[in-house]
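Notes to accompany the following structure.
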Amino acid sequence: MRDTRESRLLLVLLIAIAFALITVDIRGGQDSPVDGARQAAAAVFGPIENGVSSAVNPVGNAVEAVRDSGDRHDRLAALEKENAALKAKLGSDDRTRSRLGQLDRMLKIAGAGQYGIKGAQVIAIGAAQGFSWTITIDVGANDGIQRDMTVLNGDGLVGRVTTVGPNTSTVLLANDPDFTVGTRMEGSDELGFASGQGDRPLRVELLNAKAEVKKGDRLVTFGSQSDKPFVPGVPVGAVSRVEPSNGGLTRTIYVTPFVGFTKLDIVGVVVEAPKKDPRDTVLPAKPKPVPTPTVTVTVTPGATASGDPRLQSGQQQQQPQPQLSEQPATDVQTGPPSDGGQTQDGQELQ
């Protein structure tokens, strides 16, 4: 349509008519005179609007989803990052508590044995160094570590230092087949030599073939000359099996070590030996046996059927039988008393 004066007048007229109808409709309320026209228009154009809406809504939803996808992705990434941080913190807290516990037990052993120790952390295992049982710790010559020093942890003997670098050292574990340490039996002081057997218990040869040994007896290190490679008194393990004595010069026993060699983390290198042999004092106190509770059933004689529910159910109560004592009978004179109404033993008959 061309923009002419007539067209502009027509547009103004239509707008005025529209405003007039709107005013009439608002003032009329529910009785509006244009309500019938509105319903007719709705009946005609309603299906068309629904069809257009059903066709356009998926497109609109897709556009909105694309618009919000960036925000959702950012929120998801932030939540995943926060979740990972919480998991890392939780794992770190658990690991910290575990290390604090290990360090506390190790310091107690060092205090009981008067060992001067240098704390260290296991940073590698010795698979790359051959088939021997070894670990690498994060202290070396720069920390005062020397070859043939005793290594322990909060449970007992770990091994001895075999190789020393500037900042790291290699430790031969006590369960290695090439490992041997002198031992002393708790209480009896029986001496022997313990050898590693990998993942099996230590094999100990006691010097006394007639030594009295039982399962559960504990051993500590005997110590070496000049305290190298072993200081005395470090817990080794407990007897798990005793071989029968066959008349040999030694007696063989098997000892389960206190240390778990597959889960080492915090260890200590003994850099200063004790001035006095601690002997058995480093061993923890033995647990006290727990008494077994006993139940005592007391039967009350003289219970009646009315007071005992067992008798009411038809069970018969067995009356206690009098006990007969085998005592010598006393001769009693049955005739008339000849001595003032007394029996031969001086008792008066009633």
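The values are calculated or read from the model by the stated rules, or taken from the named source; none is laboratory data. No experiment lies behind these values; they were computed from the predicted model shown. Every residue, glycine among them, receives a Cβ derived from its backbone with ideal geometry; neighbour counts consider all protein chains shown. Note: areas computed on protein heavy atoms with side chains; ligands, DNA, RNA excluded. Shrake-Rupley method; radii C 1.70, N 1.55, O 1.52, S 1.80 Å.
From the list V151, V139, the one residue that fits, being surrounded by 17 or more Cβ atoms within 10 Å (Cβ to Cβ) and over 30 Å from T252 (Cα atoms), is V139.
Report, by residue number, each residue of segment 69-96 that is of a type outside the set (A, V, I, L, M, F, W, C) and either modelled with pLDDT under 65 or over 29 Å from the mean Cα position of the chain (by Cα) (or both). Scanning segment 69-96 gives S69, G70, D71, R72, H73, D74, R75, K89, G91, S92. Residues that are assigned to a strand (DSSP E or B) and either charged (D, E, K, R) or farther than 20 Å from L207 by Cα (or both) within segment 231-256 comprise R241, R251, listed in sequence order.
R160 satisfies every condition listed in (1) in a loop (DSSP other than H, G, I, E, B); (2) farther than 25 Å from R241 by Cβ except (1). Evaluation of N208 against the conditions (1) open to solvent by 20 Å² or more (accessible area, probe 1.4 Å); (2) part of a strand (DSSP E or B); (3) over 13 Å from F261 (Cα atoms); (4) touching a Ser or Thr at 6+ places or on another chain (Cβ under 9 Å) shows that the sole unmet condition is (2).
For segment 165-180, check the following and say yes or no: at least one residue is at positive phi and surrounded by fewer than 19 Cβ atoms within 10 Å (Cβ to Cβ). Give the steps one after another, and end with the answer.
Taking segment 165-180 as the starting set, the residues that turn out to be at positive phi are none.
Looking for residues that are at positive phi and surrounded by fewer than 19 Cβ atoms within 10 Å (Cβ to Cβ), one finds none in segment 165-180, hence no.
Every test in (1) outside any strand (DSSP E or B); (2) open to solvent by 90 Å² or more (accessible area, probe 1.4 Å); (3) of a type in the set (A, V, I, L, M, F, W, C); (4) more than 25 Å from Q102 (Cα to Cα) is passed by A285 save one, and that test is (4).
Within segment 221-230, the residues that satisfy the criterion of being closer than 21 Å to W133 by Cα and either open to solvent by less than 50 Å² (accessible area, probe 1.4 Å) or within 29 Å of the chain's Cα centre (by Cα) (or both) are T221, P229, F230. Residues in segment 170-187 that are over 31 Å from the mean Cα position of the chain (by Cα) and of a type in the set (S, T, Y): T180, T183. Looking at segment 154-164, which of its residues are open to solvent by less than 10 Å² (accessible area, probe 1.4 Å) and either over 19 Å from V282 (Cβ atoms) or in contact with a helix residue (DSSP H, G or I) (Cβ under 7 Å, 6 or more places away or on another chain) (or both)? Scanning segment 154-164 gives a single hit, V161. Of all residues assigned to segment 241-263, none qualifies as being of a type in the set (D, E, K, R) and open to solvent by less than 30 Å² (accessible area, probe 1.4 Å).
Contact annotation: no residue pair with Cβ atoms under 6 Å, 6 or more positions apart or on different chains, pairs a residue in segment 104-119 that is surrounded by fewer than 20 Cβ atoms within 10 Å (Cβ to Cβ) and in a loop (DSSP other than H, G, I, E, B) with a partner that is modelled with pLDDT under 95 and polar (S, T, N, Q).
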